[in-house]
Amino acid sequence: MATFTSTTDGNINDGATYGNTSPGSAGTDFPDTVDICVVGGGTTVTLNTDFEVRALKITGTMAGGGNTITVNGATSNKPFDNDGTITGDLNVTITNTGIQQDGLLLDAMGTSGNINNLTLNLANGTTANKTVGIASSTTLDNTLTITSGTFNTVFDGGASQGLSVGGHIFGNGTFVANDSTVTVAGQCAPANVELTAGSITSNDDFRPTTKTTIDGNGSITAAGTSQMGGLFDIGASNTPTLQSGRLHSSLDIPSGNQGQSTFNLALNENQTGPSRHLFFYNLTLDSEGTENNTLTMAGAITCTGNLTITDGKIDTGSTGRAITVTGDVSVASGGALDLDAASSDANYSFGSLTIASSGTVEAPSHGTITITGEAGTGYAVEVSGTYTPNGGTLKITTDANTFVKILDDVNHLIIEAATATRVYEWVNNTTIQGNLTVNAGRFAHYSPNFSLDVQGDCTVNNTGILDGGSGSIELGSLTIASGGEYRATTGTTTITDESSGGYALENQGTFTHNNGKVLIDFDTPNKNDNTEIKCNEFYDFEIKMNGASYSTMFRDLSGDTVTFLGDLTITKGKFDDNVNSDTYIIHGNTILESEGSFGTATNWHTGNITHHGLVVIKGNYYRSNAGGTVKMGGIRNIGGSVL
């Protein structure tokens, strides 16, 4: 091995350049593959052909000419050492076929000019033999190809150095970015990328072909319309930020690999996502350009942190891909979340759901959205925008006292607190278009100014409590199962329909009247039917059927007695029995309006009937001559009939 130093301007493979015979022979007059080439100060050596040497040192000027210089080893740790000037396109390939040693250093930055294309092909020796580091900020004008081996932005335990690549990063090797600031004008797609606390920005796709490993809090950006893909492995406690314009089909973030990262999807066109289950920590969709681009899911998404839709839409696709979010789901103004699949719906689990004004959520037609926690605002659900219920179910299981704001746009609401002592409060006038089921916990109003309107069936099960407080309560029907309780409003509980069992009100648990009134109103919705009531005790009660011929039939829960502690008013329809022998006790007044009847015929009842108050008759009062005793505190007939 010899060292050849240029003494004049000339071609790299001409002996005259080194003060020897021209053109001469390799190894004698100009460097051979085992020799060191030195571009001497004040001279210009032109790379007029592809050429290979053991090592290259530049103190003068190296003119690239678009050709490639291959360096295959070094007696020191610098296979390429530039202290001079590079002109033209100089391509450099570093191999270790000649000499293998640890701690190779690429010293590429001289007084001016940069390497054009850099290729590492370090296939020989140990892992340490196959690593090239940099000790100063480095610029490559075009592509970095890591065919094999490792390119490291740290040399020998020193500081992380910046790297600017004017083309792509490709190859089957590993790129270690450490804490460096790295910019790539093209794709970043070697086999492996490792990042700690630095940043990598590529202006084309970022998609390593084997794996991206992040063991710090750095950032990776695939800018503009670029895609992010490949397998990610992020340390469990690390909080890196990832951002791209699209998701590449190869993107793979398995369960446990998401760390505590934040993925910002700056979606710049409509796109169908990868067809595998992706696990994010925080995922944010922020549509760019037209501001209304849609990500259509082709695989399930799990966020162990939060899901935020700033603008644009996430669509679960025609087959209803599942979304599971441990933290908060926030749909900002202009954002949309479509959970209503064309063919089938999945079930969805969110820590909380917040829909801002002008935000939109399409609920599943058949599936269930389960809310398991609450946002920092104290709301399990807060709807200020649009929640389209379709036919789906909203279920809340939050293990905390929490607020629920759902406006008039939920189909079926299930309250099932994880701990039965929890209190959920509705914080606005609330309409449920379908059914309300309270399985556990207490569902109550935040203020008596807030009404509750359940257009379907209301069922209180197990350890559930529906607490009407002092607000307005309207229910399609009311079923209180064993262990359940309805704490009636001190105002009026209006019931406008009946359950499939034929009961407008069926109590198998606890009905606490709170001196309020129950109104059976089949007149307003024009429901032509009789109905049944099962309960032992009421305060005020009013019957308002859709015609004088329709009956409300009463039966006791236990004890053979039905008691009204306040007034009984029959505005329209008939007061009838379900159990012929039950005892009826009315402590207040009994008022029969012109279309109201107490009883259905002269032999309608055999049990005792006691009116402690005044009986005011504008309609029909049927005495019972089939047995039993009727007692009245007084009677006033003002145009009615006693039959």
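The values are calculated or read from the model by the stated rules, or taken from the named source; none is laboratory data. Please read these numbers as outputs of a predicted model, since none were measured by experiment. Here Cβ is always computed from backbone atoms with ideal geometry, including for glycine, and neighbour counts include all displayed protein chains. Just so you know, the surface numbers come from the protein's heavy atoms only, side chains and all, with ligands and any DNA or RNA stripped out. Shrake-Rupley method; radii C 1.70, N 1.55, O 1.52, S 1.80 Å.
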Looking at 92, 165, 132 in this structure, which one is without any contact (Cβ under 8 Å) to a residue 60 or more places away in the chain and within 22 Å of residue 205 (Cβ to Cβ)? 165
Report yes if residue 467 is open to solvent by 50 Å² or more (accessible area, probe 1.4 Å) and in contact (Cβ under 8 Å) with a residue 12 or more places away in the chain, otherwise no. no
Just the residues that are crowded, with 18+ Cβ neighbours inside 10 Å, small (Gly, Ala, Ser) and assigned to a strand (DSSP E or B), please, taken from region 571-594. 573
Residue pairs qualifying under the 6 Å Cβ cut-off, at least six apart or on distinct chains, with the first in region 270-293 being in contact (Cβ under 8 Å) with a residue 12 or more places away in the chain and the second being basic (Lys, Arg), are 271/246
Pick from region 316-332, criterion modelled with pLDDT of 95 or more and not β-branched (Val, Ile, Thr), ranking: nearest to residue 280 (Cα to Cα): 327
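Quick grid of which residues meet (1) touching a strand residue (DSSP E or B) at 6+ places or on another chain (Cβ under 6 Å); (2) over 16 Å from residue 246 (Cα atoms); (3) at pLDDT 95 or above; (4) surrounded by 22 or more Cβ atoms within 10 Å (Cβ to Cβ):
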| site | (1), (2), (3), (4) |
| --- | --- |
| 281 | yes, yes, yes, yes |
| 284 | yes, no, yes, no |
| 287 | yes, no, no, yes |
| 290 | no, no, no, no |
| 303 | yes, yes, yes, yes |
| 307 | yes, yes, yes, yes |
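Name the residues in region 114-152 that are under 20 Å from residue 164 (Cβ atoms) and part of a loop (DSSP other than H, G, I, E, B), would you?
Within region 114-152, 114, 116, 117, 134, 135, 136, 137, 141, 142, 143 meet the criteria.
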Quick one: in region 610-631, of everything that is at pLDDT below 95 and among the hydrophobic types (A, V, I, L, M, F, W, C), which residue is surrounded by the fewest Cβ atoms within 10 Å (Cβ to Cβ)? 626
For region 200-227, which positions are hydrophobic (A, V, I, L, M, F, W, C) and either free of Cβ contacts under 8 Å to residues at least 12 places away in the same chain or more than 15 Å from residue 177 (Cβ to Cβ) (or both)? 223
Which residue out of 298, 236 is over 21 Å from residue 179 (Cα atoms), among the small types (Gly, Ala, Ser) and open to solvent by 10 Å² or more (accessible area, probe 1.4 Å)? 298
Does residue 83 satisfy the condition of being free of Cβ contacts under 8 Å to residues at least 40 places away in the same chain, open to solvent by 20 Å² or more (accessible area, probe 1.4 Å), in contact with a helix residue (DSSP H, G or I) (Cβ under 6 Å, 6 or more places away or on another chain) and not β-branched (Val, Ile, Thr)? no
Specify the residue that is nearest to residue 393 (Cα to Cα); the eligible residues are those in region 416-439 that are part of a strand (DSSP E or B) and open to solvent by 10 Å² or more (accessible area, probe 1.4 Å). 437
With the requirement that a residue be modelled with pLDDT of 95 or more, of a type in the set (S, T, N, Q) and closer than 14 Å to residue 265 by Cβ, what does region 201-252 give you? 221, 226, 227, 241, 243, 244
Would you confirm whether any residue within region 129-145 is crowded, with 18+ Cβ neighbours inside 10 Å, polar (S, T, N, Q) and modelled with pLDDT under 95? yes
Residue under question is residue 35, and the condition is that it be open to solvent by less than 40 Å² (accessible area, probe 1.4 Å) and either of a type outside the set (A, V, I, L, M) or in contact with a Pro (Cβ under 9 Å, 6 or more places away or on another chain) (or both); does it hold? yes
What is the one condition in (1) in contact with a Lys or Arg (Cβ under 6 Å, 6 or more places away or on another chain); (2) modelled with pLDDT under 95 that residue 448 does not satisfy? (1)
Check region 248-263 and report whether any residue there is among the aliphatic types (A, V, I, L, M), assigned to a strand (DSSP E or B) and open to solvent by less than 40 Å² (accessible area, probe 1.4 Å). no
Scan region 477-494 and give yes if some residue there is outside any strand (DSSP E or B), among the aromatic types (Phe, Trp, Tyr) and either within 26 Å of residue 417 (Cβ to Cβ) or in contact with an Asp or Glu (Cβ under 8 Å, 6 or more places away or on another chain) (or both), otherwise no. no
Can you go through 413, 407 and tell me which one is crowded, with 20+ Cβ neighbours inside 10 Å and in contact with a strand residue (DSSP E or B) (Cβ under 9 Å, 6 or more places away or on another chain)? 413
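Can you pull out the strands (runs of 3 or more DSSP E) entirely within region 517-567 that have at least 1 residues that are surrounded by fewer than 17 Cβ atoms within 10 Å (Cβ to Cβ)? Let's see the steps before the verdict.
Values: elements: 517-521, 531-534, 540-544, 551-555, 561-564.
Of the strands (runs of 3 or more DSSP E) lying wholly inside region 517-567, those with at least 1 residues that are surrounded by fewer than 17 Cβ atoms within 10 Å (Cβ to Cβ) span 561-564.
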Take region 146-175 and flag every residue that is of a type outside the set (Gly, Ala, Ser) and touching a Leu at 6+ places or on another chain (Cβ under 7 Å). 146, 147, 151, 153, 155, 165, 169
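Of everything in region 165-177, what is open to solvent by 30 Å² or more (accessible area, probe 1.4 Å), outside any strand (DSSP E or B) and more than 18 Å from residue 109 (Cβ to Cβ)? Give them in sequence order. Explain how you work it out, then say what you get.
So the first thing to find is which residues in region 165-177 are open to solvent by 30 Å² or more (accessible area, probe 1.4 Å), and the list is 166, 168, 170, 172.
With the extra rule that they be outside any strand (DSSP E or B), the set shrinks to 166, 168, 172.
Passing the criteria: 168, 172.
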Taking only pairs six or more apart or across chains, which ones have beta-carbon atoms under 9 Å, a first residue in region 607-629 that is within 20 Å of residue 578 (Cβ to Cβ), and a second residue that is acidic (Asp, Glu) and assigned to a strand (DSSP E or B)? 607/577
Residue list for region 374-398, filter: farther than 22 Å from residue 435 by Cα and either touching a Ser or Thr at 6+ places or on another chain (Cβ under 7 Å) or among the charged types (D, E, K, R) (or both): 374, 375, 378
Could you tell me how many of the residues in region 347-378 are open to solvent by 10 Å² or more (accessible area, probe 1.4 Å) and more than 17 Å from residue 414 (Cβ to Cβ)? 10
